[in-house]
Amino acid sequence: MSSAAKACLLLVSVLVLAACAGSEPSRFYTLDVQAPAPATAPAASPGAGRRTVGLSPVQVPRYLDRPQLVTRTDANTLELAEFDKWSEPLADMIGRVLAEELSRRLPRDRIFLLPVRQAVAIDRIVDIQVTRFDADAAGEVGLDAGWQVFAEGGRRLLQVERTAIRESAAGAGKAAMVAAMSRALSRLAAEIAGALAARDRQPAESRREYRAPLLS
């Protein structure tokens, strides 16, 4: 290798190392459960069984199905944060947090994330489709979602709802934005829990057993 080629290679190496050394480290965020944990599980009334609720995998639009946090700079423009990222896929995190929120708000019920590995008798199934979950330039979080409640293992539709929530961040920065998103998600969980609690419990004999699909 000639001296000129060696010099060029050395220069490229130095530039790459300098770029790596000067890059900003990524920051990772997670949504948090807001509902307080019940001190003790309430005693069921005589003859009352525990209702089982299955939460289907949450659907999110493609613009949210990415690691980066998304900010809405105007009605038609989205900005991806290069170094601010979710700690896990957003749809999975929303489902996990909602399941815990429902468990705390409905302590007499058993909440499952679907699919489950074993056969479980399901009294209610909740399907959720998130259509917006981001913050604008002023820090206001918007959460828009459609959700449905089914009985008989998903065969009978009981309720169809749409929820639009706006939650202001308590400060500037991505941490305050994520905290506001957690509060918005908790408000959605409160609406779903209220709908589930308002309906009479389904008799055990009318349940349809939910079975996990066979793995190929």
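The values are calculated or read from the model by the stated rules, or taken from the named source; none is laboratory data. Owing to the predicted nature of the structure, the values given are computational and were not obtained by experimental measurement. Cβ sites come from the backbone with ideal geometry, for glycine too, and all protein chains shown count toward neighbours. Ligands, DNA and RNA are stripped out before the accessible areas are found, and what is left, the full protein with its side chains, is counted by its heavy atoms. Shrake-Rupley method; radii C 1.70, N 1.55, O 1.52, S 1.80 Å.
Here Val33 fulfils each of the conditions (1) at pLDDT below 90; (2) closer than 26 Å to Ala180 by Cα; (3) among the aliphatic types (A, V, I, L, M) apart from (1). Of the listed requirements (1) in contact with a Gly (Cβ under 9 Å, 6 or more places away or on another chain); (2) at pLDDT below 95; (3) surrounded by fewer than 16 Cβ atoms within 10 Å (Cβ to Cβ); (4) of a type in the set (A, V, I, L, M), Ala164 misses just one: (2).
If you go through the stretch 128-139 and keep only what is farther than 24 Å from Ala193 by Cα and touching a Lys or Arg at 6+ places or on another chain (Cβ under 9 Å), you end up with Ala135, Asp136, Ala137. In the stretch 116-175, counting only strands (runs of 3 or more DSSP E) that sit wholly within it, the ones holding 1 or more residues that are under 17 Å from Val97 (Cα atoms) span 124-136, 140-151, 156-168.
Can you find a residue in the stretch 52-63 that is modelled with pLDDT under 95 and on the phi < 0 side of the Ramachandran plot? Within the stretch 52-63 (the criterion being modelled with pLDDT under 95 and on the phi < 0 side of the Ramachandran plot), the answer is yes, since at least one residue qualifies.
Identify all residues within the stretch 115-155 that are open to solvent by 10 Å² or more (accessible area, probe 1.4 Å), under 19 Å from Val60 (Cβ atoms), in contact (Cβ under 8 Å) with a residue 24 or more places away in the chain and over 14 Å from the mean Cα position of the chain (by Cα); write none if there are none. Of everything in the stretch 115-155, those that are open to solvent by 10 Å² or more (accessible area, probe 1.4 Å), under 19 Å from Val60 (Cβ atoms), in contact (Cβ under 8 Å) with a residue 24 or more places away in the chain and over 14 Å from the mean Cα position of the chain (by Cα) turn out to be Pro115, Ile125, Asp136.
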